[in-house]
Each structure stands twice: as C-alpha cells, then as structure tokens.
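Following: one structure in structure tokens, then a few remarks.
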Amino acid sequence: MIKRRRFKQQLSLEDRLVVFAKAARAVAEPLPPGAEKDEMLRKALQADTMAGLTMQPREATP
C-alpha cells in the first residue's frame, strides 16, 4: 500500500483563499478587458466568497 504524504498547512484555509484572491486580482489588473481578465476576477470573487463561508460557522458557534 502506498503511504500518503501528509503535512500540516502553515496557513488556514481562509488565509490561503484571501492570499489567492489578492494574487488573482493583481494578475487581472494589468490585463486588457476580455475573457482572461473576467476569468481571473471571477476566481478572485469565488475565493473571497469561500473565505467568508468558511468563517461563518465559527462565528455562529457560541
């Protein structure tokens, strides 16, 4: 049986999503309007949305 390589993430999922969203916006900023820019901005928006969704259950817990 093949053993999986497991390691602990240095950053939380929320932090990694926020970093990815900022990087995607930085890549999209200099691009001319078009499909590629729209795709990068869509990915950034999705990452921001997911970061917010993963934080909500923790906030609701007493």
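I'd like to verify a number: residues in region 2-29 that are of a type outside the set (Lys, Arg) and touching a helix residue (DSSP H, G or I) at 6+ places or on another chain (Cβ under 6 Å), how many?
Result for region 2-29: 9.
Counting only residues that are assigned to a loop (DSSP other than H, G, I, E, B) and either on the phi > 0 side of the Ramachandran plot or of a type outside the set (Val, Ile, Thr) (or both), how many does region 1-41 have?
Total meeting the criteria: 17.
If you check Arg42 against the conditions, is it modelled with pLDDT of 90 or more and open to solvent by 80 Å² or more (accessible area, probe 1.4 Å)?
Considered against the rule, which asks whether it is modelled with pLDDT of 90 or more and open to solvent by 80 Å² or more (accessible area, probe 1.4 Å), Arg42 comes out as yes.
The values are calculated or read from the model by the stated rules, or taken from the named source; none is laboratory data. Computed from a predicted structure; not experimentally measured. When we count neighbours, we look across all protein chains shown, and the Cβ atoms used for this are built from the backbone with ideal geometry, even at glycine. Side chains are part of the model used for accessible areas, which takes the heavy atoms of the whole protein and leaves out ligands, DNA and RNA. Shrake-Rupley method; radii C 1.70, N 1.55, O 1.52, S 1.80 Å.
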